[in-house]
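Right, one structure below, let's go through it.
The values are calculated or read from the model by the stated rules, or taken from the named source; none is laboratory data. These figures come from a predicted structure and were not determined experimentally. Here Cβ is always computed from backbone atoms with ideal geometry, including for glycine, and neighbour counts include all displayed protein chains.
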Amino acid sequence: MNSPFRLQPAGKKAENVQMEQIVITDRTMARVLAVLPAIVVAIAVRVLTLGQPPLAARVGAAAAIALSSWVAYRLLTARVVVDETGLEIRGVFHEGHVLWSELDSVETRPASLGLRLLVWGVIKPHGLVLRGRSRTLRPIAAVCRDDDEDLMRALGAIKVRLGAWGVPSKQEPESAASL
């Protein structure tokens, strides 16, 4: 995989076990999105139960069931973990660890138009947008209400780690001659 984020295998333990991890998981948007593969499964089962469909239709329906089940599983188990080494991200099509050195900025943004239309009038979904040198990630696990406590804690921790919130860095002491 030729990714500027160089996703590393997940599950790497942090060196400092005292540091609290911020975990974003089990969100409403992921559950709502998991309904879509269930609809595909229902349609595929209906195709399979209609008389004697041709072999191609049966194989297509079985493949749709398998793929939809896998996507729904990944949606329901998606997560973002903020720890001392970086971000552990588990999404539908990727899983890995993004190091702090590979991350340039982070912000919250409204979710894509498709997601907003899916839950129109119920919630206004927002999510993390992680920007690297040449790639942007929008983890599905971090799509939730704009006032979600875990999302705000994760955003704050990432911004502090990236130095974007005015947290003073270690500075060299000024010489006495400049006084």
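Determine if region 123-142 includes at least one residue that is surrounded by 15 or more Cβ atoms within 10 Å (Cβ to Cβ), at pLDDT 80 or above and more than 18 Å from ARG109 (Cβ to Cβ).
There is no residue in region 123-142 that is surrounded by 15 or more Cβ atoms within 10 Å (Cβ to Cβ), at pLDDT 80 or above and more than 18 Å from ARG109 (Cβ to Cβ).
Residues being in a loop (DSSP other than H, G, I, E, B) and closer than 15 Å to ARG145 by Cα: count how many of those fall in region 89-119.
Final tally of qualifying residues: 3.
When the residues of region 54-88 are filtered to those that are among the basic types (Lys, Arg) and in a helix (DSSP H, G or I), which remaining residue is surrounded by the most Cβ atoms within 10 Å (Cβ to Cβ)?
ARG74
Can you tell me which condition VAL122 does not meet? The list is (1) within 18 Å of LEU75 (Cβ to Cβ); (2) in contact (Cβ under 8 Å) with a residue 24 or more places away in the chain, and all the others hold.
Condition (2) is where VAL122 drops out.
Cβ-Cβ below 7 Å, separation at least six or inter-chain, first residue in region 67-79 and under 15 Å from ALA142 (Cβ atoms) and in contact (Cβ under 8 Å) with a residue 40 or more places away in the chain, second among the hydrophobic types (A, V, I, L, M, F, W, C) and not in a helix (DSSP H, G or I): which pairs?
Here the result reads LEU75/VAL92; ALA78/VAL92; ARG79/VAL23; ARG79/ILE24, each pair linking region 67-79 to a residue that is among the hydrophobic types (A, V, I, L, M, F, W, C) and not in a helix (DSSP H, G or I).
Quick check on region 1-41: of everything there that is small (Gly, Ala, Ser) and at pLDDT 85 or above, which residue is surrounded by the most Cβ atoms within 10 Å (Cβ to Cβ)?
For region 1-41, the residue satisfying everything is ALA34.
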